[in-house]
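**Q** Structure in structure tokens, see below.
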Amino acid sequence: MENSMRSIAFKYLAKREYAPSELREKLIQAHGFFPVEVDLLIDDLICQDILSELRFVEIYLRSKARRGYGPNYCRKMLLKLDISSEKIDEGFALAKIDWHEVKEKLKQKKLKEIEIKKAKALKAQGHKTEGRKIGTNQDARMNFNSEFKLNLEMHRLNQKLYKKGF
């Protein structure tokens, strides 16, 4: 049984890094191994540096940063995976991620999407500035509505950034 449990663990670890708690859960719940045996195997894998919390944290952080998640979200999720605060702090130091840059890239991407949406909406409404007098009531209403919608989109963007842990 030890051999088959070990080979199943290696199959999982060949695909990606796992937190020890994730691997433990998979081996117990998906394959029905006894918790005591699984804990012994996990300890052995950690001793051999086949399973590493620190390596998992570093890879996890880089992956989430690429997808636009912030440091607060990442820390919260890693704590849920029973990773110690010390290992999380070490992982943050090793990953060397510029979280401000991640936030700015996400913000720029969302602003570009807002501008595209805004341009499509104006085009669909048939708004043309050519051949019209600037400063008419219609222009003022259009500018007010556009500014209001832009402010609303910015508010939503800030909410999304907050949810993503920035």
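The values are calculated or read from the model by the stated rules, or taken from the named source; none is laboratory data. If you're wondering where the values come from, they're calculated on a predicted model, not measured in any experiment. Neighbour counts are summed over all protein chains in view; Cβ atoms, including those assigned to glycine, are modelled from backbone coordinates with ideal geometry.
**Q** Just checking, which of Arg67, Arg62 is surrounded by fewer than 13 Cβ atoms within 10 Å (Cβ to Cβ), among the charged types (D, E, K, R) and within 30 Å of Gln108 (Cβ to Cβ)? Can you show your working first?
**A** Details: Arg62 fails: surrounded by fewer than 13 Cβ atoms within 10 Å (Cβ to Cβ).
Selected residue: Arg67, the only one of Arg67, Arg62 that is surrounded by fewer than 13 Cβ atoms within 10 Å (Cβ to Cβ), among the charged types (D, E, K, R) and within 30 Å of Gln108 (Cβ to Cβ).
**Q** List the pairs whose first member sits in segment 8-37 and is surrounded by fewer than 17 Cβ atoms within 10 Å (Cβ to Cβ), whose second member is among the small types (Gly, Ala, Ser), and whose Cβ atoms are under 9 Å apart, counting only residues at least 6 apart or on separate chains?
**A** From residues that are surrounded by fewer than 17 Cβ atoms within 10 Å (Cβ to Cβ), the pairs are Lys26/Ala9; His31/Ser4.
**Q** Those residues that are at pLDDT below 95 and of a type in the set (A, V, I, L, M, F, W, C), I need them from segment 6-31; list them, please.
**A** Ala30
**Q** Of the residues in segment 93-121, how many are within 24 Å of Phe56 (Cβ to Cβ), without any contact (Cβ under 8 Å) to a residue 24 or more places away in the chain and either of a type in the set (Val, Ile, Thr) or not in a helix (DSSP H, G or I) (or both)?
**A** 2
**Q** Pick from segment 15-45 the residues that are in contact with an Asp or Glu (Cβ under 8 Å, 6 or more places away or on another chain) and part of a helix (DSSP H, G or I): which of them is farthest from Glu104 (Cα to Cα)?
**A** Glu37
**Q** Report the residue count in segment 19-71 for those that are of a type in the set (Ser, Thr, Tyr) and on the phi > 0 side of the Ramachandran plot.
**A** 0
**Q** Which one is nearest to Glu22 (Cα to Cα), of the residues in segment 52-92 that are in a loop (DSSP other than H, G, I, E, B) and without any contact (Cβ under 8 Å) to a residue 40 or more places away in the chain?
**A** First, pick out the residues of segment 52-92 that are in a loop (DSSP other than H, G, I, E, B): 52, 67-70, 81-84.
Right, trim to without any contact (Cβ under 8 Å) to a residue 40 or more places away in the chain and you get 52, 67, 84.
Details: Ser52: 12, Arg67: 21, Ser84: 14 Å.
Top of the filtered list is Ser52.
**Q** So, in segment 7-47, how many residues would count as being of a type in the set (A, V, I, L, M) and either farther than 21 Å from Glu58 by Cα or in contact with a His (Cβ under 6 Å, 6 or more places away or on another chain) (or both)?
**A** Matching residues across segment 7-47 total 8.
**Q** Give me the pairs: first residue in segment 145-166 and at negative phi and outside any loop (DSSP other than H, G, I, E, B), second residue surrounded by 14 or more Cβ atoms within 10 Å (Cβ to Cβ) and aromatic (Phe, Trp, Tyr), beta-carbon distance under 8 Å, and six or more apart or on different chains, which are they?
**A** So the pair list comes out as Lys163/Tyr73.
**Q** Something else now. Scan segment 42-58 and tell me whether some residue there is surrounded by 19 or more Cβ atoms within 10 Å (Cβ to Cβ) and under 10 Å from the mean Cα position of the chain (by Cα).
**A** The answer is no, given that none of the residues of segment 42-58 is surrounded by 19 or more Cβ atoms within 10 Å (Cβ to Cβ) and under 10 Å from the mean Cα position of the chain (by Cα).
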